[in-house]
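All remarks here apply to the structure that follows.
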Amino acid sequence: MKNNKHLIKAGAALLAVLMTAGAAGCAANNGVSTADESSTTAASQAATDAAVQTATQTEVKALSEGDITVNETIENSAGGEHAILADGETVTYKNTKVVKTGDSDSGDEADFYGDNAALFATNGGTLDLSDMVIKTDGTHANAVFSYGSGTTVNISNSYIETSGNCSGGLMTTGGGTMNAKDLTVTTSGNSSAAIRSDRGGGDVNVSGGNYTTSGTGSPVIYSTADITVDDATLTSTASQGVVVEGKNSVTLNNVTLNADNNKKNSDKSSRYQAVMIYQSMSGDAAQGTSSFTMNGGTLTNANGDIFFVNNTATDISLTGADIVNNDTDGVFLRAAAAGWGSDGSNGGQVNLNASKQTINGDMIVDDISVLNLYLKDKSSFNGAINSDGSAGEVYVELNGGSKWTLTADSYISSLTCDADSIDLNGHTLYVGGVAYTAGTASTGSAVEFTTSSSGGGAPDKPGEGGGHSGGTPPAKPE
């Protein structure tokens with residue numbers, strides 16, 4: 001497959017490194033001293049890590065429409081209808097071009113239940129798709145839609161393009177399953193995430209491919225589901241890269257994420273960010289602790305903050321990811337109130353777990369928010385926390401050779417660290433209002449979360465247009 005050549009080359013490079021490491025290990029068992037063996041092992045591990053990082057950095061080649069061989073074309077222009085439907089049955093298409101025009105009369109019907117989607121699976125049906133070209137240009141015209149528990153869409157090596165507003169590339173609701181491999185998906189409409197879910201969520205598994213959005217309120221991923229993406233390139237040119245709403249998750253494994261959030265789809269917050277984790281109170285996502293996980297890969301942010309958490313609790317886990325903020329005025333993490341939820345109880349509550357991770361940038365936790373920051377496995381944090389003074393509760397724990405180098409005075413509530421974990425770098429660290437003494441160990445306690453999100457407030461959604469009516473995801477009415 002043409003778009004996987006770089007993976008083959010990267011795999012070959014990694015295999016060569018692993019073979020070298022294995023040879024060095026054998027030599028160490030034939031008379032090399034323990035000290036030499038440790039040195040050789042460390043060098044081999046470093047080389048292996050470098051090869052993995054090189055493979056991670058390689059961007060995925062995007063397919064073009066012309067890369068797909070088309071043997072038949074299916075068109076549909078009727079509002080509310082589908083070009084291809086799998087209703088309780090298994091339907092298979094290959095080397096097919098699908099063109100969908102026409103609008104939906106009801107946003108809820110389209111967003112929740114698949115009305116007007118080009119390709120639609122429901123009632124436990126299965127859509128098996130490969131080598132497809134799928135294009136839509138209507139409003140509320142999602143390209144590929146999986147609705148309902150037991151429903152599955154499998155799609156591979158395909159090109160998807162949507163140009164209308166509220167028209168996602170891959171859409172999953174009501175507990176459906178979406179499995180995608182080696183796709184190129186582009187959306188240009190507003191509120192049109194490339195990988196999109198809505199009420200009732202489901203399971204979304206993406207491997208390889210290239211996903212790009214250019215519309216306002218169109219992150220690459222909008223999650224009210226459990227979404228995992230492996231070895232893909234994700235690019236947003238106007239919106240957040242990723243939005244997680246409510247008790248849902250996004251996991252990125254060896255993914256290249258480029259985010260440039262520079263247009264507002266809501267007046268609830270004046271700030272821009274690469275990753276937003278929140279609860280809109282629209283009823284589209286259950287309340288509870290969400291999660292964002294990034295293993296390896298790169299995250300490059302052009303504007304604003306890296307992470308923003310509001311009106312919810314979340315676990316953020318970072319392991320060996322290369323995270324760069326090109327906005328010098330932005331921070332690494334902001335947990336703070338905004339326009340969602342009830343005033344006074346709509347801050348962010350964050351567990352940030354970093355392993356083998358470098359963190360550059362400040363963290364801000366306002367007076368109704370909390371942060372537990374765990375640095376382990378030789379992680380490093382270069383930045384300040386609440387440099388303007390004491391605000392929300394913050395606990396910091398460093399172990400496994402991790403290091404915090406201050407870039408400004410910082411204010412936290414509690415600290416656990418070894419004697420050599422903190423480099424004050426000429427600044428003052430206040431722990432519970434008392435200046436920390438350089439070179440001393442400390443033992444503290446994490447902050448307990450309260451309710452994971454708060455009620456009330458208007459249900460505008462920053463990444464997917466206006467809010468919907470409240471409630472849990474019911475079965476589609478007959």
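The values are calculated or read from the model by the stated rules, or taken from the named source; none is laboratory data. Just so you know, these numbers come straight off a predicted model, no measurement behind them. No Cβ is skipped: glycine too gets one built from the backbone with ideal geometry, and neighbour counts run over all protein chains shown.
Numbers at a glance
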read-out	value
Where Thr312 falls short, out of the listed (1) polar (S, T, N, Q); (2) under 17 Å from the mean Cα position of the chain (by Cα); (3) over 19 Å from Glu245 (Cβ atoms)	(3)
Given (1) part of a loop (DSSP other than H, G, I, E, B); (2) under 16 Å from Ser380 (Cα atoms), index of the condition Ser317 fails	(1)
Considering residues of segment 371-407 that are part of a loop (DSSP other than H, G, I, E, B) and among the aliphatic types (A, V, I, L, M) only, the residue nearest to Ala313 (Cα to Cα)	Ala391
Candidates Thr314, Thr358 - the one that is surrounded by fewer than 24 Cβ atoms within 10 Å (Cβ to Cβ), within 27 Å of Ala232 (Cβ to Cβ) and touching a residue at least 24 places away in the same chain (Cβ under 8 Å)	Thr358
Selection within segment 264-299 - modelled with pLDDT of 95 or more, under 23 Å from Asp329 (Cα atoms) and assigned to a loop (DSSP other than H, G, I, E, B)	Tyr272
Residue check for Thr73: surrounded by fewer than 21 Cβ atoms within 10 Å (Cβ to Cβ) and under 22 Å from Thr213 (Cβ atoms)	no
Tabulated pairs, segment 62-74, first in contact (Cβ under 8 Å) with a residue 40 or more places away in the chain, second part of a helix (DSSP H, G or I), C-beta under 9 angstrom, 6+ apart or interchain	Ala62/Asn3; Leu63/Lys2; Leu63/Asn3; Asp67/Lys2; Asp67/Asn3
Residue identified as part of a loop (DSSP other than H, G, I, E, B), touching a Lys or Arg at 6+ places or on another chain (Cβ under 6 Å), buried (at least 24 other Cβ atoms within 10 Å of the Cβ) and not hydroxyl-bearing (Ser, Thr, Tyr) among Ala117, Ala141	Ala141
Condition met for Thr212 (closer than 22 Å to Gly320 by Cα and at pLDDT 95 or above)	no
Pairs with Cβ under 6 Å, 6+ apart, first in segment 161-175 and of a type in the set (A, V, I, L, M, F, W, C), second part of a strand (DSSP E or B)	Leu170/Val144; Leu170/Met178; Leu170/Ala180; Leu170/Ile195; Met171/Phe145; Met171/Arg196
Residues that are without any contact (Cβ under 8 Å) to a residue 40 or more places away in the chain, outside any loop (DSSP other than H, G, I, E, B) and not hydroxyl-bearing (Ser, Thr, Tyr), drawn from segment 218-242	Ile221, Asp226, Ile227, Val229, Asp230
